[in-house]
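This report refers to the structure that appears directly beneath it.
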Amino acid sequence: MAASSSLQLNVRALRPLSETYRFLSTRSFRPSVVRCSAAAASSPSKRSYSITLLPGDGIGPEVTAIAKNVLVLAGSLEGIKFDFREMLLGGAALDETGVPLPDETLAVAKQSDAILLGAIGGYKWDKFEKHLKPETGLLQIREGLKVFANLRPAIVFPQLVDASALKREIVEGVDLMVVRELTGGIYFGKPRGFGSDENGEETGFNTEIYAAYEVDRIARFAFEIARKRRGKLCSVDKANVLEASMFWRKRVQTMALEYPDVELSHMYVDNASMQLVRYPKQFDTILTNNIFGDILSDEASMITGSIGMLPSASLGDSGPGLFEPIHGSAPDIAGQDKANPCATVLSAAMLLKYGLGEDDAAERIENAVLDTLNRGFRTADIHSDGTKLVGCKQMGEEIMKSVESQVPAAV
Ligand SMILES: NC(=O)c1ccc[n+]([C@@H]2O[C@H](COP(=O)([O-])OP(=O)(O)OC[C@H]3O[C@@H](n4cnc5c(N)ncnc54)[C@H](O)[C@@H]3O)[C@@H](O)[C@H]2O)c1
């Protein structure tokens, strides 16, 4: 009885997260904006999914192993089966095949219902030529899957308020979403490369470029998300200096005419980076380009306490979604059982919700992570006095216990 009443308490305490994630529900999303996997959409009774697992490098294999187990358990409790195929990406692929994204990996990923990625990269490959870097494989798979919209929620878990580097009163209640354009802008723009200027001075250069359709589709995506959240969208750019940003702002303003219910504001990126640490609660949904989103979402992660807590989803108009923690391969702690698996486990929850439309199983996982935190378990990155310090594996085991101990969502 004592156990069940504490579970009740936990479940109640968990509600805010489910509320926070309500906009993720594929049930309420326009299909043209956020896809549900073809498998899930065409046959609601289909409860078996193919998942491509890309553990990658460093702590990637440690955290994906846990997320896979959690997926299997949560799925089995909700009547869902998974067929996993583990493929190579990043440094692991370079070592085996000589390229960071083997053709077979992309082919298998494209045919699956969803992809769960750990992280790529490491010191070993740092000096490789650009086309042979693990990071190139990551950019290639995002491009190959045409996942142009990267969603990065930054939520301050009530249990982790004190793990933030910022003061309690600044971070308590932060719940924002960064919508980052993922397959365009300066990371992909041409021309790019190395050369020399008119004085013979060596140069390195990249191109920040966006076509109208690229801005429009990510803007529409962000407006839809803002509409499902608190109805506020802040578009971040550098329109006081960059033509690409002026164009971005113009397209976003035009798109806003279709969303009179969403309050649109604009902010320069330098101010946004300052406002994020000064008063993060002012933000609901942030829309931004590839490079600004990369930087701001890492900054936002530190508001929440640890990069080890934050998941992400990358989605396109069709085809499978790519789900991954926002952190990298953390070579400094790889192989030491120190990694926080929560970001990858929560990415698995996003996979269920966004990729497969399996909201109940997703909520089971989200609630299990909160329940584990409520029970006081912490990996080193979020540990504080009075909580129980555990390694990556034990954190995973505790999450599994929480998954199992929940009352089925349908009851
Ligand atoms: N999506 C990706 O796969 C991705 C993203 C960023 C960086 N990288 C690559 O990862 C490598 C390391 O990059 P970095 O050090 O800049 O970023 P990182 O995210 O790997 O690590 C930054 C810091 O956060 C810590 N950290 C990260 N994830 C953690 C977790 N789950 N639990 C506990 N602590 C965690 C690390 O120990 C490190 O101190 C580089 O090769 C980089 O290119 C990959």
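The values are calculated or read from the model by the stated rules, or taken from the named source; none is laboratory data. Model, not experiment: these values are computed from the prediction. Glycine gets a Cβ as well: all are built from the backbone with ideal geometry, and neighbour counts include every protein chain shown.
Modelled with pLDDT of 95 or more, within 11 Å of the ligand (Cβ to nearest atom), closer than 26 Å to residue 106 by Cβ and crowded, with 17+ Cβ neighbours inside 10 Å, is that true of residue 320?
In short, no.
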- Quick check: is even one residue across region 216-232 closer than 13 Å to residue 288 by Cα, surrounded by 17 or more Cβ atoms within 10 Å (Cβ to Cβ), among the acidic types (Asp, Glu) and modelled with pLDDT of 95 or more? no
- Message: Exactly one condition in (1) within 14 Å of the ligand (Cβ to nearest atom); (2) surrounded by 24 or more Cβ atoms within 10 Å (Cβ to Cβ) is false for residue 328; which is it?
- Response: (2)
- Single condition residue 199 does not satisfy, out of (1) free of Cβ contacts under 8 Å to residues at least 24 places away in the same chain; (2) part of a helix (DSSP H, G or I): (2)
- Some residue of region 93-114 being touching a residue at least 12 places away in the same chain (Cβ under 8 Å) and in a strand (DSSP E or B): yes
- Among the candidates 312, 265, single out the residue that is within 16 Å of the ligand (Cβ to nearest atom) and hydroxyl-bearing (Ser, Thr, Tyr). 312
- Give just the number: which of (1) surrounded by fewer than 21 Cβ atoms within 10 Å (Cβ to Cβ); (2) under 26 Å from residue 53 (Cβ atoms) does residue 154 not satisfy? (1)
- Message: Looking only at region 85-144, filter to residues that are among the β-branched types (Val, Ile, Thr) and either within 13 Å of the ligand (Cβ to nearest atom) or farther than 18 Å from residue 323 by Cβ (or both); which one of those is surrounded by the fewest Cβ atoms within 10 Å (Cβ to Cβ)?
- Response: 97
- Message: The conditions are (1) within 21 Å of the chain's Cα centre (by Cα); (2) at pLDDT 95 or above; (3) more than 16 Å from the ligand (Cβ to nearest atom), and residue 392 fails exactly one of them. Which is it?
- Response: (3)
- Those residues of region 259-273 which are surrounded by fewer than 20 Cβ atoms within 10 Å (Cβ to Cβ) and assigned to a helix (DSSP H, G or I) amount to 270, 271, 273
- Assuming residue 378 fulfils every condition listed in (1) farther than 26 Å from residue 225 by Cα; (2) in contact with a helix residue (DSSP H, G or I) (Cβ under 6 Å, 6 or more places away or on another chain) apart from one, which condition is it? (2)
- Item | Output for region 153-179, where each listed residue is hydrophobic (A, V, I, L, M, F, W, C) and in a helix (DSSP H, G or I) | 160, 161, 163, 170, 171
- Item | Failed item, numbered, when residue 82 is tested on (1) touching a Pro at 6+ places or on another chain (Cβ under 9 Å); (2) in a strand (DSSP E or B) | (1)
- Condition met for residue 251 (surrounded by 14 or more Cβ atoms within 10 Å (Cβ to Cβ) and assigned to a helix (DSSP H, G or I)): yes
- Can you pull out the residues in region 342-360 that are over 22 Å from residue 225 (Cβ atoms) and within 7 Å of the ligand (Cβ to nearest atom)? none
